[in-house]
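Everything below concerns the one structure shown next.
The values are calculated or read from the model by the stated rules, or taken from the named source; none is laboratory data. Treat the numbers as computed from the prediction; the structure is a model and nothing was measured. In this analysis, Cβ positions are derived from the backbone assuming ideal geometry, glycine residues included, and neighbour counts consider all displayed protein chains. All accessible areas refer to the heavy atoms of the entire protein, side chains included, with ligands and DNA or RNA removed. Shrake-Rupley method; radii C 1.70, N 1.55, O 1.52, S 1.80 Å.
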Amino acid sequence: MSDVSTKTNLLSLSPAKMEEFFLSIGEKKFRAQQMLKWIHQYGESDFEKMTNMGKALRAKLADISEIALPEVVYEDISKDGTRKWVMRMPGGSSIETVYIPENERGTLCVSSQIGCALDCSFCSTGKQGFNRDLSVAEIIGQVYVAAMSFHEPGERRERRITNVVMMGMGEPLLNFDNVVDSMQLMMDDNAYGLSKRRVTLSTSGVVPMMDKLGDVIDVSLAVSLHAPNDALRNELVPINKKYPLAELIAATNRYLKKLPDKRKATIEYTMMDGVNDEMEHAHELAELMKQVPCKINLIPFNPFPNSGYRRPSNNRVYRFRDYLISQGHVVTIRSTRGDDIDAACGQLVGNVEDRTRRSQKYSESAKANATRIDAVQIDNEQDGRSV
Ligand code: SAH
Ligand code: SF4
């Protein structure tokens, strides 16, 4: 996407903003729907080919607007069907997007920021520091690129993406407006038409923004918990010092109450050997989670260089899961996919030009590998398999 263009990038307009755009140039609202379809369903970026737009309008659009797409620098397909794209962002950083096919589902894991400012102790994105928020065009551009990879431009695309999870790089609630606009596009029938149950925002617990989110949209919610008490969570997820567990749980319940249907939250729990995977943690977690209608998703830690953590043995993971199940919880274990193309959780290679200097502090060798995002976090929503 060009840094310098003064033209409006139509890829970046939410359905409401697309209507405003057409009204502002003296056109009728229905043009917005037509344009959304051309862009997001047909993958058309050449105004001349938009035959239902009229010649004069096409010329006007070419004059004042453009459809500027992300620059894909690399694409790979794994043996198990997982796909990965590396996209270069203006400014030099790059991000990755991963598609995971699974029976009837196809889940896309999307990033919201380049890096992350929140510095969770076990997260390689956090260790890379923070560069900047992604724009709407850069967020929805990830969905566009993935969706279009399944068809030729100009053809109506097939619905291969059924679920989107905002679980790539970054804390989506700290890039609120752009993430909300992008999710509106994901759910709009003229764009990607995804069910609100199948678009999931994952947050580490930015409590005030969770309330704001519930006021404007009704996507599914995943909460990155990782610890069943404040002392441990303060260590693993530092934002817990600002918004401790009791507040996070209350905010999660407020969010669920605002949803028009009965939906559970997904509680993400990354398991690290000897850190948060002891039976005493399982007991505490089982108790705590009785306060929230939820499904618990256990994520065995994916190691990265100098992380200081280890992945627990399968036996420890199963023991933990079995206890939670015995207490009446619904529990899934996230499986590793796409590891032959480095697309599994914690294997993704982005490239963050860190503005916080955290990556330098973290260590020189980590900086050499300051290239990971922890993205392929699937098990999006309510239809996840229980194991
Ligand atoms: N910032 C948001 C969304 C991105 S992180 C959040 O924290 O929820 C998406 C998920 O990946 C989080 O649940 C996070 O805890 C998990 N994750 C991060 N690093 C990981 C690692 N090394 N191994 C396994 N999961 C990891
Ligand atoms: Fe940021 Fe999420 Fe990683 Fe924490 S786990 S550092 S909030 S991306």
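Calculate what fraction, in whole %, of the accessible area of segment 70-229 sits on carbon and sulfur atoms when a 1.4 Å probe is rolled over the protein chains.
C and S fraction of accessible area: 46 percent.
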(request) Determine, for each peptide in 280-287, 107-114, the mean count of other beta carbons within 10 angstrom over its residues, then list the peptides with the highest first. (result) 107-114, 280-287
(message) With +1 on the Cβ of every Lys and Arg and -1 on the Cβ of every Asp and Glu, and nothing else charged, how large is the dipole of segment 4-66 about its Cα centre, in debye rounded to the nearest 20?
(response) 180 debye
(request) Report ³J(HN,Hα) in whole Hz for each residue of segment 223-230, in order, from the Karplus equation J = 6.51 cos²θ - 1.76 cosθ + 1.60 where θ = phi - 60°; Gly and Pro get x. (result) 10, 7, 8, 6, 8, x, 9, 5
(message) Before I look further, what does segment 4-66 give for accessible area per residue, probe 1.4 Å, in whole square angstrom?
(response) 50 Å²
(message) Sort 11-18, 170-177 by the packing proxy (mean of other Cβ within 10 Å over each peptide's residues), most packed first.
(response) 170-177, 11-18
(request) For segment 4-66, with all protein chains present and a 1.4 Å probe, just round the carbon and sulfur fraction of the accessible area to a whole percent. (result) 53 percent
(request) Mind ranking 20-28, 89-97 by how tightly packed they are, going by the mean number of other C-beta atoms within 10 angstrom, highest first? (result) 89-97, 20-28
(request) First compute the accessible area of segment 246-315 with a 1.4 Å probe, then give the percent of it belonging to carbon and sulfur atoms. (result) 50 percent
(request) Using the Karplus curve 6.51 cos²θ - 1.76 cosθ + 1.60 with θ = phi - 60°, work out ³J(HN,Hα) for each residue of segment 164-178 in order, rounded to whole Hz, and write x for Gly and Pro. (result) 10, 10, 7, 10, x, 6, x, 9, x, 6, 8, 10, 4, 4, 5
